[in-house]
Amino acid sequence: MAMTSSDTIPFAGLRPERILDALESVGYRCDGALMALNSYENRVWQIGVEDGPPVVAKFYRPGRWSDAQIAEEHAFTAAMAAEELPVVTPLSIAGKTLFTHGGFRFSVFPRQGGRAPEFCEPEILEWMGRLMARIHVVGARVPFRVRESLDIQSFGVDSLDWLVGNRVIPQELESVWLGVADQALAGVRDCYARAGQVGQLRLHGDCHAGNVLWTADGPHFVDFDDSRMGPAIQDMWMLLSGDAEEMGKQFGHVLAGYETFREFDDRELHLVEALRTLRLMHHSAWLARRWDDPAFPAAFPWFATNRYWEDRILELREQIAATQEPALVPR
């Protein structure tokens, strides 16, 4: 499998002493306790502080987002926090939320504990719907100017072109995968055509169970790193699971909570399977683009196998059929 790779490993040099030095450069006195948290795109550490509770430092992947794009994310989370929404926002230190040390950009966050929610419970789904609507009320006020959008081009066409152009797919499977991917994108375009012109707003962008922490006070939303412009349904469909009937029941509960604060455009229901298809294609390209990071071959060794691409071919064929089904019906 041929892939492009950079001359330098993205996080080479981000050693424990540099991480601690970075925190101390913005005024913290670290006690030496350092624990890596689960993150592949960036590097995230919980760090002990001598005179207070631990904090979390997020070191941004070089070259992914510009300073201006990160600033838009931080402004979005600050606007939500101002509305008393339970989002984890970067700490402002001397009026700044983005810092540089030793060639790495980083932000500091308060530590937020919690457990993954059980999205199968009706009351939890309604609660999530209410909070999601409030997030979208804030997200709809102004658009992102420099952050990317979630659309067919960026998640679908660009992903396909990158995988083929960099000869990532095993040669013996490439023509089959490409044919299936082209059909899957045609199905996505049909879904968008049925939906018509739907609105775009600032989103969380990656609202799955791993990015929601449940506490005694309810859910807290974390990791807005994938925040971008897109349709509201993008932040809702990942709350659902099961077959069409089960997802319809679950979405009925989400919608009951959502429409307490914001009207939902039913045309976006045509986009559920289209967005799922785009996410699958984007994920394969994401793994390939990050293969020069040693964390990725170690965590995803099966990516460099024929079996992985055989499974993706079957998965996309299932999505071709799913995009031809009627839109999701809330129940």
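Nothing in this text is a laboratory measurement; each read-out follows from the coordinates by a stated rule. Since we're looking at a predicted model, the values are computed, not measured. Using ideal geometry, Cβ is built from the backbone for each residue, glycine included, and neighbour counts are taken over all protein chains shown.
The distance linking the range 110-124 with the range 246-288 is 19 Å (Cα centroid to Cα centroid, whole angstrom).
Listed from fewest to most Cβ neighbours within 10 Å, the set E174, E73 follows the order E174, E73. Considering only M247, A181, L150, the residue lying farthest towards the positive end of the dipole of the range 122-323 is L150, judged by Cα position with unit charges set on Cβ. Overall shape of the range 153-289 was characterised from the C-alpha gyration tensor. The equivalent ellipsoid obtained from it has semi-axes of 29, 18, 14 Å, in decreasing order. Within the range 104-211, the proportion of C-alpha pairs whose separation exceeds 23 Å stands at 56%. The label-point distance for E263 and D217, in a model that sets each label 7 Å from Cα toward Cβ, rounds to 3.3 nm. For the range 122-323, relative contact order (Cα pairs under 8 Å, six or more residues apart, normalised by length) works out to 37 percent. Using Cβ point charges alone (K and R +1, D and E -1), the dipole size of the range 143-253 about the Cα centre works out to roughly 400 debye. Across all directions, the average flat footprint of the convex hull enclosing the Cα atoms of the range 16-110 is 6.3 nm². The average projected area of the range 246-296, computed from the convex hull of its Cα atoms over all directions, is 5.4 nm². Across the range 58-197, the mean sequence separation of Cα contacts (distance under 8 Å, 6 or more residues apart), normalised by length, yields a relative contact order of 21 percent.
Specify which residue in the list A195, G52, L280 is farthest towards the positive end of the charge dipole of the chain, using unit charges on the beta carbon of Lys, Arg (+1) and Asp, Glu (-1), about the Cα centre. Toward the positive end, the furthest listed residue is G52. If I take all pairs of Cα atoms in the chain, what percentage of them are more than 36 Å from each other? Of the Cα pairs, 23 percent sit more than 36 Å apart.
In loop segments of the range 21-95 as defined by DSSP, the trypsin sites (Lys or Arg not before Pro) with at most 15 further C-beta atoms inside 10 Å of their C-beta are R29, R64. Using Cβ point charges alone (K and R +1, D and E -1), the dipole size of the range 133-207 about the Cα centre works out to roughly 640 debye. A simple charge model with +1 on the Cβ of Lys and Arg, -1 on the Cβ of Asp and Glu and nothing else charged puts the dipole of the chain at about 660 debye relative to its Cα centre. In square nanometres, what is one fourth of the surface area of the convex hull spanned by the alpha carbons of the range 208-331? For the Cα atoms of the range 208-331, the hull's average projected area reads 9.7 nm².
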